[in-house]
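Asks: Before anything else, here's the structure in question.
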Amino acid sequence: MYNNLWLIPFFPLVGSIINGLLGKKIKNEKVIGGLGTLMMFFSFLVACQNFFGLRASEQKVFQESIGSWMSVGNLQIDWGFLLDPLSAVMILVVTGVGTLIHLYSIGYMHGEEGFYRFFSYLNLFACAMLFLVLGNNALVMFIGWEGVGLCSYLLIGYYFEKKSAGDAAKKAFVVNRIGDFGFLCGLLTLFWALGSKGVWTMNFIEIGENAHLLESGGVLITVVTLCFFLGACGKSAQLPLYTWLPDAMEGPTPVSALIHAATMVTAGVYMIGRMNVLFAMAPTTMMTIAFVGAATAIFAASIGFAQNDIKRVLAYSTVSQLGFMFMAMGVGAFTAGIFHLMTHAFFKACLFLGSGSVIHGMHHAYHHAHLDDDPQDMRNMGGLRKFMPITHWTYFISCLAIAGMPFFSGFFSKDEILWWTFASTRGSYVVYGIGAIAACMTAFYMFRSLFMTFYGEQKTDARAKDHIPESGLTITIPLMVLAGLATVGGLIGIPHAIDIFHVGNLFHDWLAPVFSQAQQLNVIEAHGSASVEIALMILSVLIGLAGIAGAFMMYMKNPEAPGKFTAKFPGLHKIVFNKWYVDELYDFLFVNPCKRIGTFLWRGFDVKVVDGVVNGVGWVAKGIGAGLKYTQSGYLHNYAVAMVVGVVVIVGYYVFG
């Protein structure tokens, strides 16, 4: 039943190869886009087959090997795949949302010169992410881990003729290498630690089975998990390695949706979930994860307040929501973290694709009116709901979901995280308080983007007002499907406190086998009555409503209020608008010193020392050659005389020496 796992990453790989090699000759956008989308859909069908097969089976863990990779001593590494409830959820999210983004891209990327190249990269991205989530050992995961890093570089820098796009791609690549270094350090340390106990493996199941050989709470397990967490910070854009993600907006909007919703940025959260046993044994690391997640959630949310580029607002929203996921993982609520990962994929993909639909319409209007205004600046929008009703309603639904309004998907997943931070044995009232404030801020800046874009006075240039179209079906169909998932996707995780139909928390029950061992090694549970949980839910809803009300008062009822606020607090606005000057700080502390060191090694050491030595040796050899050339006359009698002289000298040395 599970002998076809390899097909899941294989289909998008085939699509990437065909479009990459033949797309330039094919030229037909429908063929290129259709092939890329069809390969993702085939992958989704196989993922569904395996999901339902696993659901019907009593065996909840299945491994498939397609061949040996390396064998060194007692270590055997296979090209192997792992199907369990966790990877089953991930492949459905990656292939399902990925298929919709591919379909959307057919309409959005129409007319692009590198259309075939884009779909080749997009398919390759999905393939790498599927390797990451399906790998049954850490090395196969690392292949996917590096693969999504490479593809992010290619896709963020898709418009490579723009300097800003090239810089953003390089930034993403370099920052992620820092995280990857941490991942490798953790992996090699873990390999050595288990090897010293006689266990030579990188297989996730075997690591979990032998984790008890390591001292729970000890220095070694803490170092290993902190190194892995550094890797997660890079991939999932947590403090201090978050700066690459907002700049990733330089890529086309479908790239933003794929990176931010279904693939790369969730890799760090997934990795912690996959290695949950190790993290459960390291309370210091868990506490660090929770506080870093909370700090990231509120820090990124504050920046979202002052951004005017609609995609950058969503980018900082992604960083903030990832912070919520890490809060969950840090307090031991692994199921809640994965649950929010899934619901976030629905509403954030819808939001990004919705923003792309708006940008697409604004581009069309400005092109028709021969204007050069910024189509991504929300200050140029307003009143677009009249022209783009489908885009408006899908965006509106996703805003309700991310704000945690009942009974949209984000209501269930975000509230579960806040509940666990409050009531878990690993929880903290401080983390809960920060998370609650960040939730209020999220509701504010997301509805700020909704009101500035779709409501109020239309600010589009008069020459372009009548030329803003609703997007075509290839764009609106994915929006409607994702909006539907953002609406009902959370119903599979209804908490027991409000389970009036007694269906149970289906998502929690589904993932229970994956996280049961962590519970056995170090009990992590939520304490508190159902009435307390319901009270916290009501409080969470009120917090979200307060954020929405604040946005309504400032951007609908009293549109002059934001201008008055920034005029009253210009310094604060400038700091937040400039993202707390973190990029400038990093440039001062790290980037510019590295550039100066590199320049010194180039001009000072390489040019003067290395080149000087090399050139000096060359000049010496040249001088010796110039002198010796006179001994090469070409006359035989000269060589005979030289030989006789040589023989006399040698004989004389031995006779008189």
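The values are calculated or read from the model by the stated rules, or taken from the named source; none is laboratory data. Note that this is a predicted model, so its numbers are computed, not measured. Glycine also receives a Cβ, built like all others from the backbone with ideal geometry; neighbour counts cover every protein chain displayed. For the accessible areas, the whole protein counts, side chains as well, though only heavy atoms, and no ligand, DNA or RNA atoms are used. Shrake-Rupley method; radii C 1.70, N 1.55, O 1.52, S 1.80 Å.
Asks: Set the bar at 21 Å for Cα to Cα. Now go through 465/579; 235/311; 24/171 and name every pair that lies beyond it.
Replies: Distance filter (> 21 Å) returns 465/579; 24/171.
Asks: I would also like to ask the following. For segment 358-436, state the semi-axes of the equivalent ellipsoid (square roots of 5 times the eigenvalues of the alpha-carbon gyration tensor), sorted largest first and rounded to whole angstrom.
Replies: Here the semi-axes work out to 40, 15, 8 Å.
Asks: Could you pull the Rg and Dmax for segment 1-41, using just the Cα atoms, both in Å?
Replies: Calculated on Cα positions, Rg and Dmax stand at 11.7, 39 Å.
Asks: Further, regarding this structure: Summarise the accessible area of segment 37-164 (1.4 Å probe, protein heavy atoms) by the percent that is carbon and sulfur. Intermediate results must be reported in sequence, preceding the final value.
Replies: On the way: 2880 of 4660 Å².
That share works out to 62 percent.
Asks: Bin by bin, in steps of 5 Å, what percent of the Cα pairs in segment 41-92 do you find, going until the bin that has the longest distance?
Replies: Once binned at 5 Å, the Cα pair distances of segment 41-92 give 5, 18, 22, 20, 15, 10, 7, 3, 0.
Asks: In addition: Just to check I understand the Karplus step: with θ = phi - 60° and J = 6.51 cos²θ - 1.76 cosθ + 1.60, what whole-Hz values come out for segment 191-207, glycine and proline as x?
Replies: Values per residue, Gly and Pro as x: 4, 5, 5, 5, x, 5, 9, x, 10, 10, 7, 10, 6, 4, 5, 5, 4 Hz.
Asks: Please report the Cα spread of segment 514-607 along all three principal axes, rounded to whole Å, starting with the longest.
Replies: Largest to smallest, the principal-axis extents are 73, 56, 18 Å.
Asks: Give me the extension gain from residue 200 to residue 633: residue separation times 0.36 nm, minus the current Cα-Cα distance, reported in nm with one decimal. List each step's numbers first, then the result.
Replies: Details: separation 433, 0.36 × 433 = 155.88 nm, distance 6.90 nm.
My answer for the length gained is 149.0 nm.
Asks: Between residue 480 and residue 499, what length comes free when the chain is fully extended (0.36 nm per residue of separation minus the Cα-Cα distance, one decimal in nm)? Present the calculation step by step, with values, prior to reporting the outcome.
Replies: Working: separation 19, 0.36 × 19 = 6.84 nm, distance 2.78 nm.
Extending this stretch completely gives an extra 4.1 nm.
Asks: Contact order normalised by length for the chain, with contacts defined as Cα pairs under 8 Å and 6 or more residues apart; what percent is it? Each step should come with its number before you reach the end.
Replies: Working: 1064 pairs, mean separation 77.6, N = 657.
Relative CO of the chain lands at 12 percent.
Asks: A follow-up question, please. Based on alpha-carbon positions alone, could you give the equivalent ellipsoid semi-axes of segment 131-215 from the gyration tensor, as √(5λ), descending, whole Å? Numbers along the way, then the final one.
Replies: On the way: eigenvalues 243, 33, 9 Å².
Gyration-tensor ellipsoid for segment 131-215: 35, 13, 7 Å.
Asks: How large a share of the accessible area of segment 373-478, in percent, is made up of carbon and sulfur atoms when the probe is 1.4 Å and the other protein chains stay in place? Mind dumping the intermediate values first?
Replies: On the way: 2270 of 3600 Å².
The value for segment 373-478 is 63 percent carbon and sulfur by accessible area.
Asks: Another question about this same structure. Please turn the phi angles of segment 400-416 into ³J(HN,Hα) values with the Karplus equation 6.51 cos²θ - 1.76 cosθ + 1.60 (θ = phi - 60°), one per residue in order, whole Hz, x for glycine and proline.
Replies: Whole-Hz 3J(HN,Hα) from phi for segment 400-416: 4, 5, 6, 7, x, 7, x, 10, 6, 4, x, 4, 6, 6, 5, 5, 5.
Asks: With charges only on Cβ, +1 for K and R and -1 for D and E, what is the dipole size of the chain about its Cα centre, in debye, rounded to 20?
Replies: Working: 38 positive and 37 negative charges, 281 e Å.
The calculation lands at about 1360 debye.
Asks: Here is a follow-up. Using the Kirkwood radius over Cα pairs, work out the Stokes-Einstein diffusion coefficient for segment 86-152 at 37 °C and 0.692 mPa s, in µm²/s as a whole number.
Replies: Calculated translational D: 260 µm²/s.
Asks: Step by step: find N for segment 324-394, compute 2.2 N^0.38 Å, then divide the Cα radius of gyration by it. What's the final number? Working shown, then result.
Replies: Numbers: Rg = 17.5 Å, N = 71, 2.2 N^0.38 = 11.1 Å.
Compactness ratio reported: 1.57.
Asks: State, to one decimal in nm, how far the label point of residue 74 lies from the label point of residue 649, with both points 7 Å from Cα in the Cβ direction.
Replies: That separation, rounded to one decimal, is 6.5 nm.
Asks: Here's something else I'd like to know. Can you compute the FRET efficiency between residue 539 and residue 216 using 1/(1 + (r/R0)^6), with r the Cβ-Cβ distance and R0 = 35 Å? Round to the nearest 0.05.
Replies: Details: r = 35 Å, r/R0 = 1.00.
Once the sixth-power term is evaluated, E becomes 0.50.
Asks: Now for a different question. Where does each of 654, 635 land when they are ordered by accessible area, with a 1.4 Å probe and the largest first? It would help to have the intermediate numbers written out before the result.
Replies: On the way: 654 175, 635 140 Å².
Largest to smallest exposure gives the sequence 654, 635.
Asks: Here's another thing I want to ask about it. How much of residue 611 can a 1.4 Å solvent probe reach, expressed as accessible area in Å² and rounded to 10?
Replies: Spelled out: residue 611, probe radius 1.4 Å, area about 60 Å².
Asks: Where only protein heavy atoms count, and the probe is 1.4 Å, what is the accessible area per residue for the chain in Å²? Before the final figure, lay out the partial values.
Replies: Working: 27740 Å² over 657 residues.
Counting only protein heavy atoms, the per-residue value for the chain is 42 Å².
Asks: Rounded to the nearest 0.05, what FRET efficiency do residue 287 and residue 459 give with R0 = 56 Å and r taken as the Cβ-Cβ distance? Could you check? Before the final figure, lay out each step's value.
Replies: Details: r = 47 Å, r/R0 = 0.84.
FRET efficiency, residue 287 to residue 459: 0.75.
Asks: Excluding ligands and nucleic acids, what accessible area in Å² is computed for residue 171 using a 1.4 Å probe, to the nearest 10?
Replies: 50 Å²
Asks: Something else: Rounded to the nearest 500, what is the chain's calculated 222 nm mean residue ellipticity when only DSSP H runs of at least 4 contribute -39500 (n - 2.57) each, over all residues? Walk me through the intermediate numbers first.
Replies: Details: 27 runs with 447 residues, N = 657.
Calculated mean residue ellipticity at 222 nm is -22500 deg cm²/dmol.
Asks: Could you give me D for segment 399-527, from Stokes-Einstein at 37 °C and 0.692 mPa s, where the hydrodynamic radius is the Kirkwood radius over C-alpha pairs? Units µm² s⁻¹, please. Show your work: numbers first, answer last.
Replies: On the way: Rh = 17.9 Å.
For these conditions, the coefficient is 184 µm²/s.
Asks: How big is the Rg/Rh ratio for segment 267-418, C-alpha atoms only, Rh by Kirkwood, two decimals? Write down the numbers at each step before the final one.
Replies: Values: Rg = 18.0 Å, Rh = 16.7 Å.
Computed over Cα atoms, the ratio is 1.07.
Asks: Follow-up question, since we're still on this one. Ordering 463, 426, 448 by how much accessible area each has at a 1.4 Å probe, largest first, what is the list?
Replies: Working: 463 145, 426 55, 448 10 Å².
From most exposed to least exposed: 463, 426, 448.
Asks: Give the calculated FRET efficiency between residue 143 and residue 374 to the nearest 0.05, with a Förster radius of 51 Å applied to their Cβ-Cβ distance. Intermediate results must be reported in sequence, preceding the final value.
Replies: On the way: r = 39 Å, r/R0 = 0.77.
The pair residue 143/residue 374 has a calculated efficiency of 0.85.
Asks: Once the other residues with Cβ under 13 Å from the Cβ of residue 589 are scored (Lys, Arg +1; Asp, Glu -1), what is the net sum?
Replies: Working: positive: 595, 596; negative: 583, 584, 587.
Residues close to residue 589 contribute a combined charge of -1.
Asks: Solvent-accessible area of residue 487, probe 1.4 Å, all protein chains present, reported in Å² to the nearest ten, please.
Replies: 50 Å²
Asks: While we're on this one: So the label point goes 7 Å from the Cα of residue 305 along Cα→C-beta, right? Which residues of segment 425-450 then have their backbone N under 12 Å from it?
Replies: Of the residues in segment 425-450, 438, 441-442, 444-445 have backbone N under 12 Å from the label point off residue 305.
Asks: Let me ask something else about it. What is the packing order of peptides 313-325, 278-290, 639-651, taking the mean over residues of other C-beta atoms within 10 Å and listing the highest first? Before the final figure, lay out each step's value.
Replies: Values: 313-325: 27.2, 278-290: 22.2, 639-651: 10.4.
Per-residue Cβ counts within 10 Å, averaged per peptide and sorted highest first, yield 313-325, 278-290, 639-651.
Asks: What do you reckon, how do 390, 77 stack up by accessible area (1.4 Å probe), largest on top? The partial results should precede the final answer.
Replies: Numbers: 390 60, 77 5 Å².
I get 390, 77, largest accessible area first.
Asks: Could you give the length gained by full extension between residue 430 and residue 560, i.e. 0.36 nm per residue of separation minus their alpha carbon distance, to one decimal place? Write down the numbers at each step before the final one.
Replies: On the way: separation 130, 0.36 × 130 = 46.80 nm, distance 3.50 nm.
Answer, rounded to one decimal: 43.3 nm.
Asks: What is the percent of Cα-Cα separations in segment 544-588 that go past 15 Å? Spell out each step's value before the answer.
Replies: On the way: 579 of 990 pairs.
Every Cα pair in segment 544-588 considered, those over 15 Å come to 58 percent.
Asks: Measure off 7 Å from each Cα along the Cα-to-Cβ vector at residue 617 and residue 181, then give the distance between these two points in nanometres to one decimal.
Replies: According to this spin-label approximation, the distance is 3.0 nm.
Asks: If you don't mind, another one. With point charges of +1 on the Cβ of Lys and Arg and -1 on the Cβ of Asp and Glu, referenced to the Cα centre of the chain, which listed residue (486, 261, 359) lies farthest in the positive direction of the dipole?
Replies: Among 486, 261, 359, the one farthest towards the positive end of the dipole of the chain is 359.
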